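Asks: Below is a structure I'd like to ask you about.
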């Protein structure tokens, strides 16, 4: 298991504290990007993170489904400091060419697309 690249995408005090704690962990390379920075998207591409943490109270517009489609293994973690909850989003796709295949995909869905845990 290699070093995981973690990107803290935001300016909140909560994210800064989480990032500081994660920086002390072995096996994690933690970087910070201010979404207001004009070069934020370029920095995001340069870091090429495995995980992006952001504040759910102030979700960045640049973290959307396009990013998950480009990097299906990317894990987005939204942190809500007001409720101590965390939202995990992971890109996963399937090729569906018929309504029957779509029905099977829905029927086999396990419900683990959204996991909330207390921090």
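The values are calculated or read from the model by the stated rules, or taken from the named source; none is laboratory data. A quick note: this is a predicted structure, and the numbers were derived from the prediction, not measured. Please note: Cβ atoms are built from the backbone with ideal geometry, for glycine as well, and neighbour counts cover all protein chains shown.
Asks: Could you count how many residues in the range 68-85 are touching a strand residue (DSSP E or B) at 6+ places or on another chain (Cβ under 6 Å) and part of a loop (DSSP other than H, G, I, E, B)?
Replies: Residues of the range 68-85 that are touching a strand residue (DSSP E or B) at 6+ places or on another chain (Cβ under 6 Å), as a first pass: 75-79, 84-85.
Checking which are part of a loop (DSSP other than H, G, I, E, B) leaves us with 84.
Residues meeting the conditions: 1.
Asks: Hey, another quick one. Which one is modelled with the lowest pLDDT among residues in the range 17-54 that are under 16 Å from the mean Cα position of the chain (by Cα) and over 17 Å from residue 74 (Cα atoms)?
Replies: Among them, the one singled out is 40.
Asks: A further question follows. I'd like to verify a number: residues in the range 2-59 that are surrounded by fewer than 15 Cβ atoms within 10 Å (Cβ to Cβ) and at positive phi, how many?
Replies: Number satisfying all stated conditions: 2.
Asks: Checking the structure you have, find out if any residue of the range 87-98 is loosely packed, with under 13 Cβ neighbours inside 10 Å, within 14 Å of the chain's Cα centre (by Cα) and modelled with pLDDT of 80 or more.
Replies: No; the residues of the range 87-98 include none that is loosely packed, with under 13 Cβ neighbours inside 10 Å, within 14 Å of the chain's Cα centre (by Cα) and modelled with pLDDT of 80 or more.
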